[in-house]
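Asker: Handing you this structure, nothing more for now.
What follows is calculated from the coordinates using simple rules that are stated; it is not laboratory data. These numbers come from a predicted model, not from an experiment. In this analysis, Cβ positions are derived from the backbone assuming ideal geometry, glycine residues included, and neighbour counts consider all displayed protein chains.
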Protein chains: 2
Amino acid sequence: MKDVLAQADSQTEAALARLFELIRIPSVSTDPAHAGDCAAAADWLVRDLTLMGAEARAIPTLRHPMVLAHLPGPETTPHVLFYGHYDVQPPGDPALWSRPPFEPSLTPGPNGETHINGRGASDDKGAMMTFLEACRAWIATRGGLPLRVSVLIEGEEESGSASLAPFLAEHAAELRADAILACDSDQWDAETPAITVSTRGICSQEITVTTADRDLHSGIYGNAARNALTVLCDLLAGLRGPDGGIAIDGFHADIAPLDPSVAAAWERLHVDEAEFLGRVGLSHPAGEAGRSVLEQVWARPSCDIHGVWGGYTEPGFKTVIPREAHAKLSFRLAPGQDPDRIRALFQAHIRAHLPPDASVAFTDHTMGRGTAMPVSSPWLSAATEALEGEWGGAALIGMGGTIPILPMLKDAIGAEALLVGFASLGNRIHAPDEKYDLSSFTRGTRSWVRIIDALSRLDRAR
Amino acid sequence: MKDVLAQADSQTEAALARLFELIRIPSVSTDPAHAGDCAAAADWLVRDLTLMGAEARAIPTLRHPMVLAHLPGPETTPHVLFYGHYDVQPPGDPALWSRPPFEPSLTPGPNGETHINGRGASDDKGAMMTFLEACRAWIATRGGLPLRVSVLIEGEEESGSASLAPFLAEHAAELRADAILACDSDQWDAETPAITVSTRGICSQEITVTTADRDLHSGIYGNAARNALTVLCDLLAGLRGPDGGIAIDGFHADIAPLDPSVAAAWERLHVDEAEFLGRVGLSHPAGEAGRSVLEQVWARPSCDIHGVWGGYTEPGFKTVIPREAHAKLSFRLAPGQDPDRIRALFQAHIRAHLPPDASVAFTDHTMGRGTAMPVSSPWLSAATEALEGEWGGAALIGMGGTIPILPMLKDAIGAEALLVGFASLGNRIHAPDEKYDLSSFTRGTRSWVRIIDALSRLDRAR
């Protein structure tokens with residue numbers, strides 16, 4: 001594939017210009033004000049895929065459109081479906097960004113590398129484009145791909161993927177493939193790309209606690225009146241036990257022990273816990289006592305409070321006893337845990353711990369199951385070898401995050417999913433100053449050129 | 001005093017017009033944007049007192065001006081100092097008000113009474129004006145007051161009274177008096193005014209918890225990374241024990257047992273706990289087990305969380321692990337508890353319970369000591385008899401709130417303070433739809449006419 005790799009290298013400048021165009025579209029899916037931008041990002045991808053020779057279209061959903069495209073390949077070769085997402089997280093306070101989040105730029109990094117800056121530079125616009133640029137290099141060099149490729153790019157990954165299940169049901173026949181590919185995950189270190197062998201699930205809830213029939217004055221009722229914020233803090237504090245684990249009855253019932261071969265692969269990564277946490281200004285693993293930091297973030301469930309609000313939060317002071325208090329929180333789930341069951345356990349736990357004169361209401365947010373892939377898959381072996389060809393090594397890792405599409409796609413299509421990642425932990429995804437290393441982009445593209453070649457040689461029946 | 005009482009009755013329409021002018025000035029002291037309105041309210045009072053014949057002026061402070069006025073009386077009579085405040089609480093969300101908060105109006109109440117509506121209608125503009133209208137009636141009828149009156153009206157009562165201590169020190173000689181009067185408290189029921197024999201103190205704190213050096217993504221760090229909101233909720237939940245009491249070591253050390261004669265007076269009030277809490281949609285006293293609801297709100301310390309904020313609180317969802325979380329809270333204190341000592345105990349408690357990788361910063365807000373007055377005072381007897389003349393009865397009650405000026409004034413001037421109140425619990429002070437009953441306003445004015453008469457007969461030496 002030297003010719004294809006050379007083509008990939010020679011098109012970098014044009015590829016960056018394409019990526020910058022895409023980053024400039026502020027496709028924040030969680031905020032209804034950005035619905036038009038999400039549609040614009042989908043249209044941009046349809047145009048780009050069409051230019052590449054694909055039969056591509058944006059298909060409307062109840063929220064943001066799906067991009068679906070097919071790139072032809074020889075009849076008898078495997079058929080892979082690549083998944084990505086064009087939507088991004090809200091940028092948050094622009095004052096916390098060094099540069100405007102939707103004005104991409106290249107800047108030199110501290111260790112001689114180059115950063116691609118902007119919201120979505122890594123998650124998932126930059127990462128997703130490595131695959132499309134690899135396909136483009138194949139087509140430019142050889143006039144076509146050596147295997148059949150379908151591309152599915154959604155616009156709701158950062159806000160719950162609500163449209164996916166009905167979309168999969170409606171387009172099941174068109175989406176059928178032999179394997180699923182995705183690029184929304186991390187590489188292991190600066191010199192080692194990674195294939196993710198497990199992902200965590202998620203169960204997200206918003207909770208509203210209500211007490212009296214009005215806000216009260218602590219100088220009149222303070223002590224005797226139930227305070228909604230006090231109740232909320234008590235309830236949230238009660239979700240974790242003194243050992244750092246989750247203190248909800250039955251919560252851990254469906255967690256399978258970690259596959260020993262996976263545990264061994266993780267141990268071989270020789271993670272220095274102090275260094276791992278030190279990168280973000282921390283030093284002590286905050287989760288369950290007696291679990292390694294990798295097990296905590298990859299294989300064990302967690303509970304995080306993402307937002308709390310209630311009462312008087314403006315400048316100055318007000319001695320109010322608030323009647324309403326709110327929180328957004330989520331549980332990351334181990335493979336095997338069912339988000340619907342966890343939601344039921346959580347809500348029952350909260351109701352059981354509610355004091356007198358307090359009521360509670362729940363709203364669902366993102367839900368999704370975790371996944372674990374068999375370590376013996378030929379797709380995994382072929383991709384690992386291809387990565388080793390480019391980098392000299394490849395790691396098998398877990399992912400602490402959730403790709404809700406994965407279990408849905410796997411169930412709907414009956415195929416395994418290969419999650420190949422070139423992102424680094426320093427990319428600050430979901431935070432201000434998100435970036436992607438230029439080398440992640442270029443070597444990621446080269447890696448996909450090789451993986452496409454390796455997978456094209458596999459027997460379709462696996 | 002029939003002539004003075006008749007004059008008070010006949011001037012009601014003009015008195016309401018004056019009160020409405022004052023309510024229309026949005027003198028919210030906690031919000032710097034309203035500094036001009038606070039100055040306007042002070043100027044309005046100076047004009048009104050000057051028209052009444054007072055030597056009156058607004059004296060600048062570092063924040064909002066003090067109104068100081070002297071109304072002459074016969075040389076040998078007692079000299080009383082009346083205290084009030086022209087500032088008001090922030091109105092909060094205007095959508096929660098039935099009428100605009102700063103456009104006062106009269107509306108019929110459900111039981112045949114008439115409501116004076118608006119922010120400050122009760123606390124303290126309406127209540128304070130009952131005393132000034134009584135003075136005006138005396139002067140209109142008799143050409144002067146039967147005792148010497150000074151008036152001190154501050155503009156920072158709702159936001160910490162920071163200017164008071166330096167003001168008292170600077171004007172100590174001019175402020176000297178034989179007794180302090182105030183009208184910023186509740187009557188007992190629709191037919192019974194009250195004199196408040198104790199007030200609670202307050203120690204207010206704002207707390208900021210910081211963890212990592214940036215916001216993190218729960219899909220990468222969830223479980224291992226310390227979450228600032230989780231830490232904050234744990235700390236706030238840990239402030240109260242399972243019995244509803246405050247769980248800070250040494251917190252209760254300086255609380256004297258309740259004076260048995262006061263306890264007896266409160267028992268004679270025959271409070272129905274269910275009815276007391278039922279008025280605001282509650283049913284169970286939330287404070288220390290084994291204490292009556294009156295003891296909980298009048299004599300025991302409390303801890304209320306007034307505001308919490310942190311993380312993602314906009315529509316939608318964001319799986320952020322926030323690095324910063326904030327709360328505003330206060331302790332109401334029993335007489336005898338020193339707010340500075342409580343602050344030190346609170347901060348030490350928080351620091352002792354801080355987990356690894358979390359730091360904390362504190363900001364002070366309102367601070368003030370509680371007070372308890374001797375039940376045997378001749379000022380108290382004289383005022384009680386005067387109230388009984390107008391109403392047929394009067395109650396001795398406690399106040400769960402704080403008047404930070406009281407211990408300061410008492411210390412600075414060496415005089416006792418008589419807190420006479422005509423407000424009702426239904427007045428929704430500090431909340432939307434604040435009101436004052438028209439009868440509180442008119443009978444309050446008549447009551448002060450009588451109290452002025454009764455106190456003028458006392459021996460100055462007490």
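Asker: Any idea what the residue B:9 label distances to the other copies are, label 7 Å down the Cα→Cβ vector, nm, shortest first?
Answerer: 10.5
Asker: Taking the label point 7 Å from Cα in the Cβ direction, how far apart in nm is residue B:174 from each other copy of itself, listed shortest first?
Answerer: 8.4
Asker: OK, next. Determine, for each peptide in B:387-393, A:35-41, the mean count of other beta carbons within 10 angstrom over its residues, then list the peptides with the highest first.
Answerer: Top to bottom by mean Cβ count within 10 Å: A:35-41, B:387-393.
Asker: Here's a follow-up. Give the nm distances, rounded to one decimal, from residue A:247 to the matching residue in every other copy, measuring between label points 7 Å along Cα toward the beta carbon; shortest first.
Answerer: The answer, with the shortest distance listed first, is 0.8 nm.
Asker: Please work out the C-alpha center-to-center distance from segment B:417-456 to segment B:136-213 and express it in whole Å.
Answerer: 14
Asker: Would you mind giving the three semi-axes, in whole Å and largest first, of the ellipsoid equivalent to segment B:68-211 according to its Cα gyration tensor?
Answerer: Here the semi-axes work out to 30, 25, 14 Å.
Asker: Can I ask one more? Quick one: Debye curve from the C-alpha atoms of the protein assembly as shown, no solvent, what's log10 I(q)/I(0) at q = 0.08 Å⁻¹?
Answerer: Treating every Cα as an identical point scatterer, log10 I(q)/I(0) equals -0.79.
Asker: Under 9 Å from the Cβ of residue B:218, count the other residues' Cβ atoms, weight Lys and Arg +1, Asp and Glu -1, and hand me the total.
Answerer: Surrounding charge for residue B:218 is 0.
Asker: If you place +1 on the Cβ of every Lys and Arg and -1 on the Cβ of every Asp and Glu, how big does the dipole about the Cα centre of segment B:142-246 come out, in debye to the nearest 20?
Answerer: For segment B:142-246, the charge dipole is close to 200 debye.
Asker: Bin all alpha-carbon pair distances of segment A:262-341 at 10 Å intervals from 0 and give each bin's fraction as a whole percent.
Answerer: 14, 31, 26, 19, 8, 2
Asker: Next up: What is the magnitude of the charge dipole of segment A:256-299 about its Cα centre, with +1 placed on the Cβ of each Lys and Arg, -1 on the Cβ of each Asp and Glu, and no other charges, expressed in debye to the nearest 20?
Answerer: 60
Asker: Now a separate question. Using the Cα atoms of segment B:1-110 to build a convex hull, what is its mean projected area in square nanometres?
Answerer: Reported value for the Cα convex hull: 9.8 nm².
Asker: What does the charge add up to near residue B:192, with Lys and Arg as +1, Asp and Glu as -1, over the other residues with Cβ less than 14 Å from its Cβ?
Answerer: -4
Asker: Also, quick follow-up: Suppose the chain between residue A:354 and residue A:275 were pulled fully straight at 0.36 nm per residue; how much longer would it get relative to their current alpha carbon spacing?
Answerer: So the extension gain works out to 24.4 nm.
Asker: Would you compute, from DSSP H runs of 4+ residues alone, the mean residue ellipticity of chain B at 222 nm, taking -39500 (n - 2.57) per run and dividing by the full residue count, rounded to the nearest 500?
Answerer: -10000 deg cm²/dmol
Asker: I need the helices of chain A that pass two filters: whole DSSP H segments spanning 20 Å or more by Cα along the axis, and mean Kyte-Doolittle score no lower than 0.5.
Answerer: A:35-51
Asker: How big, on average over all directions, is the shadow cast by the Cα convex hull of segment B:158-250, in nm²?
Answerer: The directionally averaged projection comes out at 13.2 nm².
Asker: Turning to a different aspect of this structure: Specify, per residue and in Å³, the volume enclosed by the convex hull of the alpha carbon atoms belonging to segment A:256-299.
Answerer: Convex hull of Cα atoms, per residue: 74 Å³.
Asker: Something else now. Less than 13 Å Cβ to Cβ from residue B:231, Lys/Arg counted +1 and Asp/Glu -1: what total charge do the surrounding residues give?
Answerer: So the surrounding residues net to 0.
Asker: May I ask which residue of A:159, A:1, A:285 lies farthest towards the positive end of the charge dipole of chain A, with charges of +1 (Lys, Arg) and -1 (Asp, Glu) on Cβ and the Cα centre as origin?
Answerer: A:159
Asker: Follow-up. With +1 on each Lys and Arg Cβ and -1 on each Asp and Glu Cβ, and nothing else charged, work out how big the dipole of chain B is about its Cα centre, in Debye to the nearest 20.
Answerer: With Lys and Arg at +1 and Asp and Glu at -1, about 300 debye.
Asker: Please name which of A:248, A:313, A:274 has its Cα lying farthest along the dipole of segment A:236-375 towards the positive end, using unit charges on Cβ (Lys, Arg +1; Asp, Glu -1) and the Cα centre as origin.
Answerer: My answer, from the dipole projection, is A:313.
Asker: Right, here's the next one. Would you calculate the convex hull of the Cα atoms in chain B and tell me its volume per residue in Å³?
Answerer: Per-residue hull volume (Cα only) is 156 Å³.
Asker: So, one more: With just the Cα atoms defining each centre, how far is segment B:259-311 from segment A:25-65? Give it in Å.
Answerer: 58
Asker: Moving on. Placing +1 on the Cβ of each Lys and Arg and -1 on the Cβ of each Asp and Glu in the protein assembly as shown, which of B:83, A:40, A:70 has its Cα farthest towards the positive end of the resulting dipole?
Answerer: So the residue we want is A:40.
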